[in-house]
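The structure under discussion appears below in the form of structure tokens.
Coordinate-derived values only; no laboratory data. These numbers come from a predicted model, not from an experiment. Positions of Cβ are backbone-derived with ideal geometry, glycine not excepted, and every protein chain shown enters the neighbour counts.
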Amino acid sequence: MAHTPKIIVVGGGLAGLSAVIKIAEAGGNVDLFSIVPVKRSHSVCAQGGINSAKNLKGEGDSVEAHFDDTIYGGDFLANQTPVRNMCAMGPSIIDLLDRMGVPFNRTPEGLLDFRRFGGTLYHRTAFAGATTGQQLLYALDEQVRRFEAEHKVVKYEGWEFLSIVKDEAGVCRGICAMDLRTMELRTFPCDAVIICTGGNGAIFGKSTNSVVCTGSAQSALYQQGAFYANGEFIQVHPTAIPGEDKLRLMSESARGEGGRVWVPKDRNDKRPAKSIPEGDRWYFLEEWYPKYGNLVPRDVATRAIHKVVYEHGMGIDGQPMVYLDVSHIDRHTLERKIEGILEIYEKFVGDDPHEVPMKIFPGVHYTMGGLWVDANQMTNIPGVYAAGEADCSIHGANRLGANSLLSCIYGGFTAGPNALNYAKNVAAQKGDGGAAKELVRQMEYNNVLLHNQGTENPFKLWRELGETMTRHATIIRYNSGLREAEQKIIELQERYRNINLSDKSQWANTSFAFARQLYNMLHLARVIVKGAELRDESRGAHYKPDFPERNDEKFLKTTKAAFDEANQAPQITWEDVDIQWIPPRPRRYDIAS
Amino acid sequence: MAKGQTIKVEIKRQATPDAPSYTEKFEMPYRPGLNITSVLVEIAANPVNTEGKETSAITYDSNCLEEICGSCAMLINGKARMACSALVDRLLDETKSDTITLAPLSKFPVVRDLAVDRSVLFENLKKVQAWVPIDGTYDLGPGPKQAPQIQEERYPLSNCISCTICMEVCPQFNTQTNFVGAATIAQAKLFNMDPSGSVLKEERLRALSGDGGIQECGFAQNCVQACPKQLPLTEAISDMGRDVFIQKVKDFVSR
Ligand SMILES: Cc1cc2nc3c(=O)[nH]c(=O)nc-3n(C[C@H](O)[C@H](O)[C@H](O)COP(=O)(O)OP(=O)(O)OC[C@H]3O[C@@H](n4cnc5c(N)ncnc54)[C@H](O)[C@@H]3O)c2cc1C
Ligand code: SF4
Ligand code: FES
């Protein structure tokens, strides 16, 4: 074996950067691709914190308890072995981040401080103010910059991954990417690829996600033969600030630090929130879930808020909104621990949450589903790995707060070395490995798009997609609605063929790049609604009033979507879940378990 | 101003780095709660200018839409700020006019329209080695204990979102001085304060001495006023100025 293995990592959020660091450290060469400069990746938005059972609060927390909370919180849909490995790696990941200089909050003794988050009774969440994701991303970005300065990593920022290059045996031999300034298409050879392209919130129009979270890369891979798993499991976060352009998250840490959710007991109460006395407030989460209170898992809190608003008709002023109140907590604590998120509220809404309760409503937040991976983080395409929000592992039917940052780093740390190992042993490619063919395919696609003489505007099609998906495929799902959504997406796919780009230039053409992403979003949207339609049960974030119970006999299974080229539609199969460590039990947060 | 039915937006555009710039005007229905990034999306969905002519969508950078990724800095009504947190209602109140002007940052090469190339900041961060040189990512146990006071001093500095607004507004940040700018100096301080990061302290200080280094600062203090994340920039510059000076003396004596 003469050559130094070359790995391509796509995506520079926490998952991607974690993978890069492990590979560079082990002597591999890495090319890192990202649409945005990696320091501006979506991970920067994470606010609340990162879980690990460090047990520094004398509560008897343990890796086993973290493992159990994660599996139970995910309603037993996650394959258990990777979750167990992640929880075991948790404490050492926190130590490492601390050594990298992340400014984690401290106790008076100088130890790491931990806060509570949803779905657990332990203080298990390490945090850096209310900008934990930003601090973690920067720490990893700095380490990667160091490797870059040592020429072990080459960054391709402002390049968009379009597809992989596959040889005749179906083995991955490189990628095809587009320079978003010159619009140049190019193939890049490599021995293995790791896809760390994050979430897909944009499919729902408005969400808590960043603009580039379209799921486009995952969809492209699915269309190239990768399985997409558990796509129907979309987390709707209970507390977001409704907005014109996006739903800005109000982190669970607000409740972790003592924030309470309520509405006035009298729906006609017109008094300012602050002047409504305790006795006239309905703290419905605390009433319904006495043990976990405001810190029930997200799917549970989201459905409760939805119920209060739409079944009880108790939204504030008849609007779809409830109060999230931190105004009873002392100012100093708020400033030290959650200032970052309160600033967001103040900046975008104009009210001061130290003084008045915030008005919030659930918003699409996270995809538990993603590219199917095995316990080594490899997809079903040889040489293609995935990690982070883009993969389907760890979170099952519902993710616990502050488990994502951990799963991103765990996924990157696992995928990196495994990809390197694979790359060292893969047989040399024949010829160009299929590169020329893939380049031609992508060029032809670009030509069609640029020269189309239709009438449809891609941004308008996208808005329609978002409205349909939000209406039919979020908190409450009915089969009739899901079928309607499928028909609508098929209609949008038809209309897509009639697209017209306002901009046909070949320089920094953002509508062109967006139109390409939209194509992929439409395909992934079909995967989401198809999986949801076929899963006739309720589990975690997936809730059907017509099938309100979990049905382990039929649906304790991973949904696997494969792209059926002939019909341009998803084909669903089912796979057993690894439940070798914790036997499934009913998930009841309303009673002590 | 009474908020009218429509708002007018004048955008300085440029097709390529070498093309001449021009101004294009748009008008759109007023809605409460708009920010500048949603105005730009509105134009993308409806790319027609005031003259009724079809035009192209505006190129600009954005990602998080909540002022944390640092992408969307531009000149809004002549002032450098973040487009996602610039609320139309406030802008209209500020100027008492129904027109908003948008232009790219003026001190960075234009890529297209409102998008500029700010990679110089990332290069500067390499020069001052803004990282902690850890031994490796294997499990080495917990890091050193750290008093909460150190965290509380470091945290505000680590909030820098690399938006480059401090550089845009600095009179000294130009091609004559090659000044590194406030953000880089603040990051050098951040890593010098870290118990493990401080092993590179001397190298960072040397990187900040000499031409383009900290001595170029003219104390205009524009940076600290414009920084959207309220970094204590003037304090960082004066602390680092002192340390750079001490380092120079040391290096001179030990020569
Ligand atoms: C507002 C908010 C708050 C959150 N708070 C928390 C929290 O407190 N704790 C927690 O654990 N989790 C939290 N999460 C979830 C968590 O932030 C994300 O799940 C996580 O950051 C995803 O990281 P990632 O590395 O998978 O992807 P991302 O950080 O999304 O990065 C994706 C990368 O892929 C690149 N990319 C995408 N497509 C392409 C393409 N086609 N070609 C090239 N590059 C591409 C992007 O440029 C980017 O670099 C929060 C999420 C949100 C929205
Ligand atoms: S110091 Fe402030 S103004 Fe300068 S880049 Fe950082 S956040 Fe922006
Ligand atoms: S879009 Fe991220 S700072 Fe404005």
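Report, as an integer, the average count of C-beta atoms from other chains found within 10 Å of each Cβ along A:145-151. It would help to have the intermediate numbers written out before the result.
Details: counts 7, 7, 1, 2, 5, 0, 0.
Neighbouring Cβ atoms belonging to other protein chains average 3 per residue here.
In the protein assembly as shown, the DSSP beta bridges split such that about 75 percent are antiparallel, to the nearest 5.
For the range A:270-331, a Kirkwood hydrodynamic radius built from all Cα pairs, placed in the Stokes-Einstein relation at 4 °C and 1.567 mPa s, yields a translational diffusion coefficient of 101 µm²/s.
Both the radius of gyration and Dmax for the range A:434-555 are 18.0, 55 Å, in that order, over alpha-carbon atoms.
Shape of the range B:1-67 from its Cα gyration tensor (a ≥ b ≥ c, root eigenvalues): rounded if a/c is under 1.5, otherwise prolate when a/b > b/c, or oblate?
Taking the square roots of the gyration eigenvalues as a ≥ b ≥ c, the range B:1-67 is oblate.
Close amide H pairs (under 5 Å, H built 1.01 Å from N) link B:C64 with A:V211, B:C69, B:S71, residues at least 5 positions away or on another chain.
Taking chymotrypsin sites (Phe, Trp or Tyr not before Pro) in DSSP loop conformation with at most 12 other Cβ atoms inside 10 Å as exposed sites, chain B has its longest uninterrupted site-free stretch at B:1-137. Annotation for the range A:22-88 versus the range A:381-423: alpha-carbon center distance of 9 Å.
With the highest mean first, a sort of the peptides A:536-543, A:561-568, A:497-504 on other beta-carbon atoms found within 10 angstrom per residue produces A:536-543, A:497-504, A:561-568. Just report the Cα centroid separation between the range A:283-326 and the range B:134-174, whole Å. Computed from Cα coordinates, the inter-centre distance equals 38 Å.
Per-residue shielding of A:345-355, expressed as the average number of other chain Cβ atoms within 10 Å of the residue Cβ, stands at 2. Annotation: amide H of A:G158 within the under-5 Å range of A:S34, A:I35, A:V36, sequence separation 5 or more or interchain, hydrogens built in the peptide plane.
In the range B:178-245, what GluC sites (Glu not before Pro) fall in a loop by DSSP, with at most 13 other Cβ atoms inside 10 Å? Write down the numbers at each step before the final one.
Values: sites: B:E202, B:E203, B:E216, B:E235; in loops: none.
Answer in residue order: no site qualifies.
Our compactness index for the range B:21-100, the C-alpha radius of gyration over the empirical 2.2 N^0.38 Å, is 1.08.
Can you give the Rg/Rh ratio of the range A:238-362, where Rg is from the C-alpha atoms and Rh is the Kirkwood radius?
On the way: Rg = 13.5 Å, Rh = 14.6 Å.
In the range A:238-362, Rg relative to Rh is 0.93.
Within the range A:298-340, name every residue whose backbone N is under 19 Å away from a label modeled 7 Å from Cα of A:R271 along the Cβ vector. Under 19 Å, as judged by backbone N against the label point of A:R271, lie A:314-318, A:322-329 of the range A:298-340.
Couplings for the range B:130-145, taken from phi via the Karplus curve 6.51 cos²θ - 1.76 cosθ + 1.60 with θ = phi - 60°, read 6, 7, 9, x, 5, 5, x, 9, 6, 6, 10, x, x, x, x, 4 Hz in order; Gly and Pro are left as x. Which distance in Å, rounded to a whole number, links the C-alpha centroids of the range A:429-450 and the range A:139-205? The range A:429-450 and the range A:139-205 have Cα centres spaced 16 Å from each other.
Amide H contacts of A:A240: A:M250, A:F361, A:G363, each under 5 Å away and 5 or more positions distant or on a separate chain (H built 1.01 Å from N in the peptide plane; Pro and chain starts excluded).
Taking every alpha-carbon pair in the range B:119-253 and binning the separations at 5 Å intervals from zero gives 2, 10, 20, 23, 20, 13, 7, 3, 1, 0 percent. Per the Debye calculation on the protein assembly as shown with a single equal scatterer at every Cα and no solvent contribution, log₁₀ I(q)/I(0) for q = 0.06, 0.08, 0.09 Å⁻¹ amounts to -0.37, -0.68, -0.88.
Normalised size of chain B, defined as Cα radius of gyration per 2.2 N^0.38 Å with N residues, equals 1.19.
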